[in-house]
Amino acid sequence: MMTDLLFTLYPWVKSLHIMAVISWMAGLFYLPRLFVYHVEKAEKVQEAPAIFHEMEEKLVRVIMRPAMIVSWVCGLIMVLTPGIVDWGEVWPWTKGASVIAMTWFHEWLNARRKGFLAGQNRLTGRQYRMMNEVPTLLMVVIVLSVIVKF
């Protein structure tokens, strides 16, 4: 009974998963870029720091966190669908490790956002530019894991 429901819902869950991942990734790419401008430009305009704080907070709260949660829930539902994942292969483990790393990066970015809010940012624009590459590298591993099944 439950297996039939999981098979019936699978294309819908997979579709929702892909849409949520796209939204989550957009935020993971954009937030470090906002931090670059926050570090390099915000102090030059009187109201800019408050505007950056609001933009960063809304990006995390309204887009990134819900998208991450939906990505995880749908991903777990797909994993629980019988016959979808062969745990004897390497790819589910590389994808899983990369998704955990992506989640850690998400939380790391949120901690940096809170640091900005508290006036405790210690990173430079260059460092945030470099951190902007982390989600790209993780995305490559995730996509290759799922599609090529390496």
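The values are calculated or read from the model by the stated rules, or taken from the named source; none is laboratory data. Keep in mind it's a predicted model, so treat the numbers as computed, not measured. Heads up, the Cβs are rebuilt from the backbone with ideal geometry, glycines too, and the neighbour counts pull from every protein chain shown.
If we scan segment 72-90, do we find a residue that is in contact with a Pro (Cβ under 8 Å, 6 or more places away or on another chain), outside any helix (DSSP H, G or I) and surrounded by 11 or more Cβ atoms within 10 Å (Cβ to Cβ)? Yes, that holds for at least one residue. Pull up segment 1-17, narrow it to residues that are of a type outside the set (D, E, K, R) and surrounded by 12 or more Cβ atoms within 10 Å (Cβ to Cβ), then point me to the one that is farthest from PRO66 (Cα to Cα). Out of the qualifying residues, it is PHE7.
Whether any residue in segment 115-134 is in contact with a Leu (Cβ under 7 Å, 6 or more places away or on another chain) and either surrounded by 14 or more Cβ atoms within 10 Å (Cβ to Cβ) or at pLDDT 95 or above (or both) is what I want to check. No, segment 115-134 has no match at all. Right, ILE84: under 30 Å from ASP4 (Cα atoms), aliphatic (A, V, I, L, M), out of contact with any Gly (no Cβ under 6 Å at 6 or more places or on another chain) and at pLDDT below 95 or not? Taking the combined requirement at face value, the residue satisfies it. Criterion first (at pLDDT 95 or above and under 23 Å from VAL141 (Cβ atoms)) does GLU89 satisfy it? In short, yes. Please verify whether segment 95-113 includes one or more residues that are modelled with pLDDT under 95, among the hydrophobic types (A, V, I, L, M, F, W, C) and more than 18 Å from VAL21 (Cβ to Cβ). No, segment 95-113 contains no residue that is modelled with pLDDT under 95, among the hydrophobic types (A, V, I, L, M, F, W, C) and more than 18 Å from VAL21 (Cβ to Cβ). Are any residues in segment 107-135 touching a residue at least 12 places away in the same chain (Cβ under 8 Å) and in a helix (DSSP H, G or I), and if so, which ones? Matches in segment 107-135: LEU109, ASN110, ARG112, ARG113, PHE116, LEU117, GLY125, TYR128, ARG129, MET131, VAL134, PRO135.
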